[in-house]
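The values are calculated or read from the model by the stated rules, or taken from the named source; none is laboratory data. Because the structure is a prediction, the values reported are computed rather than measured. Cβ coordinates were reconstructed from backbone atoms using ideal geometry, including for glycine residues, and neighbour counts include every protein chain displayed. Side chains included, ligands, DNA and RNA excluded: accessible areas come from the protein's heavy atoms. Shrake-Rupley method; radii C 1.70, N 1.55, O 1.52, S 1.80 Å.
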Amino acid sequence: MGDIDDALERADHEAFTREPPKSVQARVNFLVSKLKTTKAVAEVLGVTQRSVERYRKGERKHPPKAIADRIDAEVRSRWQPQVRKRRRRQAATSTGITVETRARFGYTAPIGTTDDPRMRRLTVHLPPQYADRLFRAQQQGVDDRQLRGIVAEGLQEIYFKDNGRRADDLEVEISDIDYFDVSF
């Protein structure tokens, strides 16, 4: 996963209206309720079916960190899918997304203007069409470079070109992302 993909995942998890189960036993029971069998849960987690049964009964309460992280990730990916879907649909159709980043922005601009890449910290609200393109691209499994391109285009149009009111010939490129966060 890349910077932008991770940021979209974090924003998804912020949409939870209730926290996921806390204990290992409750988390594994939740996974069994979603995947229907202990064998399916074992395959997803990369453990034996017997281990899953022990976690379900509470016989094992402290899995190794790698397995605990996998349990957490699998629970979070299946927790409240309707809430996350509704929030994404709302962002893609009416509210848009807010992007906060500190990155190096480079430009292709007309002669006589500065085009040297430099670090900038930006917080910009992108309209719904960019949120929709970003979500669709993520669902299609595109790489982080292509996701950056969508975000760069949105920042170019909204922030740098001010919705077509200035800098018509400007092309923006993002590189060296220090941090990237998305909220919707």
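Rg/Rh for region 9-144 stands at 1.15; both radii use Cα atoms, and Rh follows the Kirkwood definition. With all protein chains kept in place, the per residue accessible area of the chain amounts to 57 square angstrom at a probe of 1.4 angstrom. Based on Cβ point charges of +1 for Lys and Arg and -1 for Asp and Glu, what charge dipole magnitude is obtained for region 45-184 about its Cα centre, in debye rounded to the nearest 20? I would put it at about 1300 debye.
Extending 7 Å from Cα along the Cβ direction at residue 145 and again at residue 17 yields two label points whose distance is 4.1 nm. Each of residue 161 and residue 183 was given a label point 7 Å from its Cα along the Cα-to-Cβ line. The distance between the two points is 2.8 nm. The long axis of helix 81-90 is offset from the longest Cα principal axis of the chain by roughly 10 degrees. Listed by chain and number, the aspartates and glutamates whose C-alpha is less than 20 Å from the C-alpha of residue 36, apart from same-chain residues fewer than 8 away, are 53, 72, 74. The share of accessible area on the chain that comes from carbon and sulfur is 46 percent, using a 1.4 angstrom probe. In this structure, the pairs whose alpha-carbon distance is over 20 Å, taken from 22/57; 34/65; 22/61; 34/57, are 34/65. Peptides 118-124, 150-156 ranked from most to least packed, by the mean per-residue count of other Cβ atoms within 10 Å: 150-156, 118-124. Counting only alpha carbon atoms, the long axis of helix 3-14 and the longest principal axis of the chain meet at about 60°. Normalised by the number of residues in the chain, the mean separation of alpha-carbon contacts (under 8 Å, six or more apart) gives a relative contact order of 28 percent. If the chain linking residue 93 and residue 62 were pulled fully straight, counting 0.36 nm for each residue of separation and taking away their Cα-Cα distance, it would gain 6.9 nm.
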